[in-house]
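Structure first, commentary second.
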Amino acid sequence: MTRRAFVASSLAGVMSATLPFPRMAEAATREFSLRAAPGSTRLVPEPHPDTAAWCYNGKVPGPEIRIRQGDRLQVEVTNDLAEETTVHWHGIRLPNAMDGVPHLTRAPIAPGDRFVYEFDAVDAGTFWYHPHQRSFEQVGRGLYGPLIIEEANPPWVDRDVIWVLDDWRLAEDASISDDFGNAHDLSHAGRLGNTVTINGRVPETFEVVSGERIRLRLINAANARIFALDFGDHTPRIIALDGQSVTPHNPSDGLVVLGPAMRVDVILDCNGEPSARSQLVDRAYRGNDFRVLDFTYAETALREATPDWPIALPASPIAEPDLSSAHRHEVTFTGGMMGMMHDGRGIWFVNGKAAQGHVLDPFLTLKRDASHILEMTNATAFDHPIHLHGHSFRVISRNGAPTPHREWQDTVLMAPRERVEIAFVADNLGDWMFHCHILEHQAAGMMGVIRVA
């Protein structure tokens, strides 16, 4: 069967037949609208001017979409850009036709046109949305936003806070550098910027109150920057990775690490004294530590001590892979600065092939409803956050050692020369993108299609 014939057959009855879990009878339908268009935003403080950007609904980040687990989400997207676009709902298990991958799942949205994405929110957690069409530039100019799916019974906190992290390559006049897709970025570490923002602004302080508990949802929307956040006097406890619950634990080496596209939910107990001040520092790049912001405490306390409420999240309804019977597949990532593009072959490779566009023959075909293990090797000199669409997977080992938390993720950060095993049940029919989420690496070939059939 050809790829197009397979897609045509898989889209029949797409709103009900492609997911292995039924819609809840009492689910509500929540309607939203997004308009992608040029705009402006204030990324850096005065005396710098506003920055011309691409925005959803005139904002960077785009508007927060927040619904309850089990609800049906309907989002009408209008494209007022001068080029095609899509919206990909990152980390969401949804029907293939709603996945927002141009031409692979359906045609992109033409300039002046609109499309309604519709799917059920089967998993609770912290997710986000962004284009998959020329994403290295469209995301890099500001097209992204948070998608929060609330648990029926979330842990009690004083505040639920979203931080969308990004970095920007800005010129002296605060304009976005237009050198998207240059050869150095494509073949090295990706488009690293010179200005870090939280929720579209360069932060100075984050005000807290002694004794309060915050659920802090971290989303890395950067093209290429990895964050390794040192909370200093605070001890964050990780309760979710990529939207999925994990055994609550303190971060390894005290650093909360997010590769591009990854999300981490932490419980932050503000245990400083009234009027205290504490720094948040990023330590991702050796020799380039920088202060992100200061935590500043109010003069009076909310309570004498931080609360002792339960923090564990409920599990999502994800099928558990059977490791004893799982089919094993090898995936090797190669390429980089010495693999510069020659005769159209690409710079980065998945199992020896470099993607040219999104419409690709699958490099793996997985038996539907069976358990599978991908044995992945990063045979390059660079980090790669590897993302699988349409599924969550358990990270079961790193360099042969079992992971302590067997965490569910949809994007796993692989260090240079690292070997990582992931396991999942291939229960979502379709052709699914599988790629590095350093967007320049994706554009330069590190992308493939995994078919579930």
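The values are calculated or read from the model by the stated rules, or taken from the named source; none is laboratory data. The structure displayed is predicted, hence computed values, not measured ones. Cβ sites come from the backbone with ideal geometry, for glycine too, and all protein chains shown count toward neighbours. Ligands, DNA and RNA are stripped out before the accessible areas are found, and what is left, the full protein with its side chains, is counted by its heavy atoms. Shrake-Rupley method; radii C 1.70, N 1.55, O 1.52, S 1.80 Å.
Rolling a 1.4 Å probe across all protein chains gives Asp242 an accessible area of roughly 0 Å².
Sorting 100-107, 280-287 by average packing, meaning the other beta carbons within 10 Å per residue, from highest down gives 100-107, 280-287. Per residue, the chain exposes 39 Å² of accessible surface when a 1.4 Å probe is rolled over the protein heavy atoms with every protein chain present. Of all DSSP beta bridges in segment 322-453, what percent run antiparallel (nearest 5)? Taking every DSSP beta bridge with both residues in segment 322-453, the antiparallel ones total about 75 percent. Taking the Cα centre of the chain as origin and assigning +1 to Lys and Arg Cβ atoms and -1 to Asp and Glu Cβ atoms, the resulting dipole is close to 1140 debye.
Taking only DSSP H segments of four or more residues, each worth -39500 (n - 2.57), what value at 222 nm results for the chain once the sum is divided by all its residues, to the nearest 500 deg cm²/dmol?
Numbers: 5 runs with 26 residues, N = 453.
It comes out at -1000 deg cm²/dmol, rounded to the nearest 500.
Taking the DSSP beta bridges with both ends in the chain, the antiparallel portion is around 70 percent. Rounded to the nearest 20, the size of the Cβ-charge dipole of segment 328-453 about its Cα centre is 220 debye, with Lys and Arg at +1 and Asp and Glu at -1. In this view, the solvent-accessible surface of Ser325, computed with a 1.4 Å probe and all protein chains in place, comes to about 70 Å². Summing charges over neighbours of Trp89, with a neighbour being any other residue whose Cβ is under 15 Å away from its Cβ, gives -3 when K and R count +1 and D and E count -1. Taking the charge dipole of the chain about its Cα centre, with +1 at Lys and Arg Cβ atoms and -1 at Asp and Glu Cβ atoms, the residue from Ser40, Gly193, Tyr117 reaching farthest to the positive side is Tyr117.
What net charge do the residues around Arg394 carry, taking every other residue with its C-beta under 13 Å from that of Arg394, with Lys and Arg at +1 and Asp and Glu at -1?
On the way: positive: Arg398, Arg406; negative: Asp242, Glu320, Asp322, Glu407, Asp410, Glu421.
Every neighbour counted, the sum reads -4.
When the solvent-accessible area of the chain is split by element, carbon and sulfur atoms take up 50 percent of it, the probe being 1.4 Å. Electrostatic tally near Glu76: other residues with Cβ closer than 10 Å to its Cβ, Lys and Arg +1, Asp and Glu -1, net 0. Of Arg263, Arg277, the order by accessible heavy-atom surface (1.4 Å probe, DNA, RNA and ligands excluded), from most exposed downward, is Arg277, Arg263.
Please report the relative contact order for the chain, taking Cα pairs under 8 Å with a sequence separation of at least 6, and give it as a percent rounded to a whole number.
Answer for the chain is 15 percent.
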